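For reference, the structure discussed in these notes is given below.
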Amino acid sequence: MESIATASQPQNLDAVFAALADPKRRAILTRLAMGEASVSDLAAPFEISQPAVSKHLKVLERAGLIKRAVDAQRRPARLQAEPMAEAVSWLEEFKQFWTSSFDQLDNLLEEMKNAETKGTGNE
């Protein structure tokens with residue numbers, strides 16, 4: 001039996017969030033949003049080796065966030081944003097909760113302000 005918490009989650013959601021948790025991987029995705037790039041292109045702004053960048057790319061690839069092609073001796077990577085859209089969609093489910101919570105807080109603060117105003121006006 002499937003629990004409520006996992007019933008509506010895309011299958012790959014854990015991998016997407018795990019991949020997005022690392023700042024270097026997020027920076028790589030930001031770079032790939034501008035167009036495909038090789039490992040050496042992606043390694044240039046970081047103080048890490050090309051093999052380390054390759055490991056990051058493997059994590060991103062397993063999460064479905066990038067695709068890698070074979071172009072002669074290089075394997076350029078390109079962004080695949082669909083899994084991020086699924087993560088955003090999942091997060092959107094909580095927007096109603098937060099909106100409602102903030103509305104309740106606004107109402108409480110307004111009531112407190114009105115009560116304070118009435119209390120100081122009668123003195």
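Just so it is clear, none of the values below were taken in a lab; they were calculated from the coordinates. What you are looking at is a predicted structure, and each value in this text was computed from that prediction instead of being measured. Glycine also receives a Cβ, built like all others from the backbone with ideal geometry; neighbour counts cover every protein chain displayed.
Can you spot the aspartates and glutamates whose alpha carbon is less than 15 Å from residue 118's alpha carbon? Ignore those fewer than 8 places along the same chain. Cα-Cα hits under 15 Å: 110.
With all pairs of different C-alpha atoms in the average, the Kirkwood value for the hydrodynamic radius of the range 44-84 is 11.0 Å. Remark: for residue pairs 58/95; 67/95; 24/67, the C-alpha separation exceeds 23 Å in 58/95; 67/95. With a Förster radius of 35 Å applied to the C-beta separation of residue 92 and residue 67, the computed FRET efficiency comes to 0.90.
Shape summary of the chain, radius of gyration then Dmax from alpha carbon positions: 23.1, 85 Å.
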